[in-house]
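Peer 1: Structure in structure tokens, see below.
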Amino acid sequence: MSRLAAVQMNSSSFVQANLDRADGLIGQAGEAGAGLVVLPENFALMPAREEDRLDVAERPGIGPIQEFLSGQAADRGIWLVGGTIPMFVDGGKKLSATSLMFDPRGQQIAHYDKIHLFDVSVSESEAYKESDFFEGGGIDGENFACIDTPFGTVGLTICYDVRFPELYRHLSALGVTVFTVPSAFTATTGQAHWQVLLRARAIENQAYVIAPGQCGTHDNGRETHGHSMIIDPWGRVTGELTDEPEGVAIADIERDKLESIRRHFPSLKHRRL
């Protein structure tokens, strides 16, 4: 068995403070024996104003947030998925919400730019429009991240992506057995849909799902759902936190269990479309 960790945070509008908290939580995951650790969406910055993202955005391979992630992976000897960080899109004025994966040497081995942008009205008084500052990632092969690891083939996704099962089916067809879903689900949508969507993605693809989230109230007044969790291929929640406070959800990945489920219940081989 190998151990997985989903890190839950209540990130603020101060990058260094967030990195300091992430350092402690990653350390907590490492002390629990986790070899694959996943941080939540916006782990380094939940801005007071959306335009503040432009002040901390980085370019590929350059910047203190990426240096932090690389150093954490190398110093602790873990596989680390850096939730999301804002990255400048070449030739444009907008950003990409990018999830980066580092190996135990501290080398960045994969990146994924969030495809589906959260442009929704949750209610008459609560609306979001990520496309004001972000550009959606491409849907070509270069943007799909599938990484062979000791835990299985890991596929990177982000938050709102979880509502689009065709993305997960595509990654599943590429061999993914472990999905990462770093998120900052709103309190409203999280209460209604968070667990059921994550369990559905796990069940229909017979894969593990690692879903770390933001929790609590942030500097801009936004409330996030928390309930970071890890789900096995049968849809069982094997590790979970509550809505707050910050912490680490831990669970073991069992390759034999995954293979047994797929062998005895071969729904993936029964697909007709």
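Any read-out appearing in this document is the output of simple, stated calculations on the displayed coordinates, not a laboratory observation. Nothing here was measured: the structure is a model prediction, and the numbers come from that model. Here Cβ is always computed from backbone atoms with ideal geometry, including for glycine, and neighbour counts include all displayed protein chains.
Peer 1: Show that you can apply the helix-only estimate: for the chain, add -39,500 (n - 2.57) for every DSSP H stretch of four or more residues, divide by all residues, and state [θ] at 222 nm to the nearest 500.
Peer 2: -7000 deg cm²/dmol
Peer 1: Find out how many positive minus negative residues lie around GLY138, taking Lys and Arg as positive, Asp and Glu as negative, among other residues whose Cβ is under 13 Å from that of GLY138.
Peer 2: Spelling it out: positives minus negatives among the neighbours equals -4.
Peer 1: Out of all DSSP beta bridges with both ends in the chain, state the antiparallel percent to the nearest 5. Walk me through the intermediate numbers first.
Peer 2: Values: 37 of 53 bridges.
Taking every DSSP beta bridge with both residues in the chain, the antiparallel ones total about 70 percent.
Peer 1: Can you tell me, using C-alpha contacts under 8 Å and at least 6 residues apart, the relative contact order of the chain as a whole percent?
Peer 2: It comes to 21 percent, rounded to a whole number.
Peer 1: Right, next: Which order, highest average first, do 217-228, 149-160 follow once you tally other Cβ atoms within 10 Å for each residue and take the mean per peptide?
Peer 2: On the way: 217-228: 19.6, 149-160: 21.8.
Most protected by this proxy first, the peptides run 149-160, 217-228.
Peer 1: Hey, if you put +1 on the Cβ of every Lys and Arg and -1 on every Asp and Glu Cβ in the chain, which of GLY24, CYS215, VAL38 ends up farthest toward the positive end of that dipole?
Peer 2: VAL38
Peer 1: List the aspartates and glutamates whose Cα lies under 14 Å from the Cα of LYS114, skipping any in the same chain that are fewer than 8 positions away.
Peer 2: Reachable aspartates and glutamates: GLU41, GLU130, GLU135, ASP140, GLU142, ASP161.
Peer 1: For the ranges 183-195, 111-123, what's the packing order if you count other beta-carbon atoms within 10 Å of each residue, average per peptide, and put the highest first?
Peer 2: Working: 183-195: 20.2, 111-123: 17.3.
Highest to lowest by the protection proxy: 183-195, 111-123.
Peer 1: Which order do peptides 169-180, 204-215 fall in by mean Cβ count within 10 Å, highest first?
Peer 2: 204-215, 169-180
Peer 1: How many angstrom lie between the C-alpha centres of segment 28-93 and segment 238-273?
Peer 2: The two parts, judged by their Cα centres, are 25 Å apart.
Peer 1: If Lys and Arg each add +1 and Asp and Glu each add -1, what is the summed charge of the other residues whose beta carbon sits under 15 Å from the beta carbon of ASP23?
Peer 2: That works out to -3.
Peer 1: GLY106: net charge of surrounding residues, Cβ under 13 Å, Lys/Arg +1, Asp/Glu -1, itself excluded?
Peer 2: -1
Peer 1: Of all GluC sites (Glu not before Pro) in segment 93-188, which ones are in loop regions per DSSP and have a Cβ with at most 12 other Cβ atoms within 10 Å? Mind showing how you got there, number by number?
Peer 2: Details: sites: GLU124, GLU126, GLU130, GLU135, GLU142, GLU166; in loops: GLU124, GLU135.
Hits after loop and neighbour filter: GLU124.
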